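Just below is one structure, and these are the notes that go with it.
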Amino acid sequence: MMSFDDAYVIMRRLANTAYYQTLFIREDLRVFENDTNLSDIQVIFLSLLGFYHTLNLDNNSGEVDDIVFKDIVYEDAYMHWKTYKNKKDRRKHEQQDASNQHRPMGLQKDKVTSKNSQWIFK
């Protein structure tokens, strides 16, 4: 009998194939015959499809090199770093938005992109 760890490694390999990535991306194609009452293993596989979809998008856009696909540890580490970075960026923007709420219009931080800004009053 196959262990869950062995099955998980196989699911990861399958989830990153062009075949299953195409099924995942296309709305008119189905990954599973059943569309409801998904088993835990099906949910895990769909999660892995999303994981690899994001990883492949980042790779194709140049945000990460091909080396990330060399090992599962690299894949997980990159996605962990990306999640951390996104949370950090979100907190930074929330703090900036909060500080901008107490500033008069036109004096908000990070809103003026040029020193030659114009004020237009109507």
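Derivation of every value follows stated rules applied to the coordinates shown; laboratory data play no part. This one's a predicted model, so the numbers in the text were calculated from it and none came from an experiment. Positions of Cβ are backbone-derived with ideal geometry, glycine not excepted, and every protein chain shown enters the neighbour counts.
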### Task
Give the residues of the stretch 1-16 that are within 28 Å of residue 66 (Cβ to Cβ) and more than 18 Å from the chain's Cα centre (by Cα), sorted by residue number.
5, 6, 7, 8, 9, 10, 11, 13, 14
### Task
Would you point out the residue of the stretch 43-75, among those that are surrounded by 14 or more Cβ atoms within 10 Å (Cβ to Cβ) and among the charged types (D, E, K, R), that is nearest to the chain's Cα centre (by Cα)?
58
### Query
Within the stretch 24-42, can you find the residues that are closer than 23 Å to residue 58 by Cβ, free of Cβ contacts under 8 Å to residues at least 24 places away in the same chain and surrounded by 10 or more Cβ atoms within 10 Å (Cβ to Cβ)?
26, 31
